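The values are calculated or read from the model by the stated rules, or taken from the named source; none is laboratory data. As the structure is a computational prediction, the values presented were derived from the model and not from experiment. Every residue, glycine among them, receives a Cβ derived from its backbone with ideal geometry; neighbour counts consider all protein chains shown. All accessible areas refer to the heavy atoms of the entire protein, side chains included, with ligands and DNA or RNA removed. Shrake-Rupley method; radii C 1.70, N 1.55, O 1.52, S 1.80 Å.
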Amino acid sequence: VQLQASGGGLVQAGGSLRLSCVASGIIFSAYDMYWFRQVPGKQRELVAVITSGSRTNVADSVQGRFTISRDNAKKAVYLRMNSLKPEDTAVYYCKVTRGTMNIWGQGTLVTVSS
């Protein structure tokens, strides 16, 4: 199983980015998918989750600004990030849990300048 994340970059405060995470080696539609983020020296933080049935939930800190979605045909999960703030700067990771194993993508860096 592999997860390939992309879409990070440098953006000014107030701007937008869309992160993508493409999965291989799993029956993608059967799994809940997650986006986390991590700032150096801090714990990894759950940002958003989308269930296999496409129910979504996002962290309070990004509510109203970030949207998670999925395309099962493409085996992809997306994180649309609007109205970005400097405090959103982090490495963003996608994750799937298969049985007792957490499988992480390689991370994509998002930097928001003020």
With the structure loaded, tell me whether residue 14 is at positive phi, modelled with pLDDT under 95 and open to solvent by 20 Å² or more (accessible area, probe 1.4 Å) or whether it fails that test. no
When only residues in segment 18-42 that are of a type in the set (Val, Ile, Thr) and open to solvent by 60 Å² or more (accessible area, probe 1.4 Å) count, which is nearest to the chain's Cα centre (by Cα)? 22
Being free of Cβ contacts under 8 Å to residues at least 24 places away in the same chain and either assigned to a strand (DSSP E or B) or among the small types (Gly, Ala, Ser) (or both) narrows it down to one of 41, 15, so name that one. 41
How many of the residues making up segment 87-113 are assigned to a loop (DSSP other than H, G, I, E, B) and in contact with a strand residue (DSSP E or B) (Cβ under 8 Å, 6 or more places away or on another chain)? 4
Among (1) part of a loop (DSSP other than H, G, I, E, B); (2) open to solvent by 20 Å² or more (accessible area, probe 1.4 Å), which single condition is residue 49 missing? (1)
If I filter segment 69-84 down to residues being part of a loop (DSSP other than H, G, I, E, B) and touching a strand residue (DSSP E or B) at 6+ places or on another chain (Cβ under 6 Å), which single residue comes out as least open to solvent (accessible area, probe 1.4 Å)? 84
Could you go through segment 54-68 and let me know if any residue there is free of Cβ contacts under 8 Å to residues at least 12 places away in the same chain and either assigned to a strand (DSSP E or B) or touching a Leu at 6+ places or on another chain (Cβ under 7 Å) (or both). yes
